């Protein structure tokens with residue numbers, strides 16, 4: 001037993017030594033060659049390193065710093081704590097991958113303007129304003145599988161402009177796992193020209209499903225109501241219902 005104990009300590013010590021001393025650049029060069037990521041300005045080691053620019057599918061992250069979480073290896077995962085900048089906003093998160101190729105993200109906290117988010121999503125004919133704050137407890141995905149996530153997205157001072165500008169107050173999106181172990185989003189708001197209440201999520205039969213009720217408040221003008229009628233069905237009680245499902249490929 002003592003011999004096995006000493007061997008285990010020696011192996012762990014060797015792994016720690018490797019991670020602490022191996023320069024990050026050779027490993028990053030392999031990532032640049034074999035993944036969509038393009039990482040530049042690398043310094044430091046695998047244990048504690050830095051990168052000036054990380055570009056993944058035209059999403060640019062600046063001034064990234066990471067520190068390796070050794071104990072996650074005991075769970076069959078490779079994980080690092082990351083502190084970086086995205087569009088001049090701070091981002092902190094734990095990111096990593098399991099040995100079976102499942103990527104995951106924990107404790108993501110980030111803030112971005114709604115206008116910047118709309119530009120990233122390439123939304124046509126719509127202008128967004130306000131501040132979007134992400135507080136994602138966990139997320140995971142694997143190629144060929146639908147993603148999962150839990151956490152909260154808050155959109156404060158929210159406003160949407162189509163034919164006219166509609167204030168949405170504070171929009172809250174609660175992410176969770178459905179009974180079918182798929183991503184589900186509960187969407188509500190407080191204040192504004194339109195009251196929002198509904199759900200959106202991933203479903204095995206049609207890939208995605210949206211069911212949201214939109215009720216113009218007393219402050220909503222006719223232009224706002226006409227804009228709602230462009231994409232939602234008006235009901236007899238004055239609500240507008242947005243109900244849609246289909247393949248994710250149609251909206252990506």
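For the reader, a short list of remarks on this structure follows.
- Restricting attention to region 173-190 and to residues that are surrounded by fewer than 17 Cβ atoms within 10 Å (Cβ to Cβ) and at pLDDT 95 or above, the residue that is nearest to residue 136 (Cα to Cα) turns out to be 174.
- Check on residue 67, in contact with a strand residue (DSSP E or B) (Cβ under 8 Å, 6 or more places away or on another chain) and either part of a strand (DSSP E or B) or modelled with pLDDT under 80 (or both): yes
- Filter pass, residue 123 being at pLDDT below 90, surrounded by 18 or more Cβ atoms within 10 Å (Cβ to Cβ) and out of contact with any helix residue (DSSP H, G or I) (no Cβ under 7 Å at 6 or more places or on another chain): no
- Which listed residue, of 77, 142, is touching a strand residue (DSSP E or B) at 6+ places or on another chain (Cβ under 6 Å), modelled with pLDDT under 85, surrounded by 14 or more Cβ atoms within 10 Å (Cβ to Cβ) and within 28 Å of residue 50 (Cα to Cα): 77
- The listed residue being assigned to a strand (DSSP E or B), more than 30 Å from residue 203 (Cβ to Cβ) and touching a residue at least 12 places away in the same chain (Cβ under 8 Å), out of 90, 107: 90
- Qualifying residue in region 164-179 (condition: more than 10 Å from the chain's Cα centre (by Cα), assigned to a loop (DSSP other than H, G, I, E, B) and without any contact (Cβ under 8 Å) to a residue 40 or more places away in the chain): yes
The values are calculated or read from the model by the stated rules, or taken from the named source; none is laboratory data. Here the structure is a predicted model, which means the values were calculated and not measured. Virtual Cβ from ideal backbone geometry, glycine too; neighbours counted across all protein chains shown.
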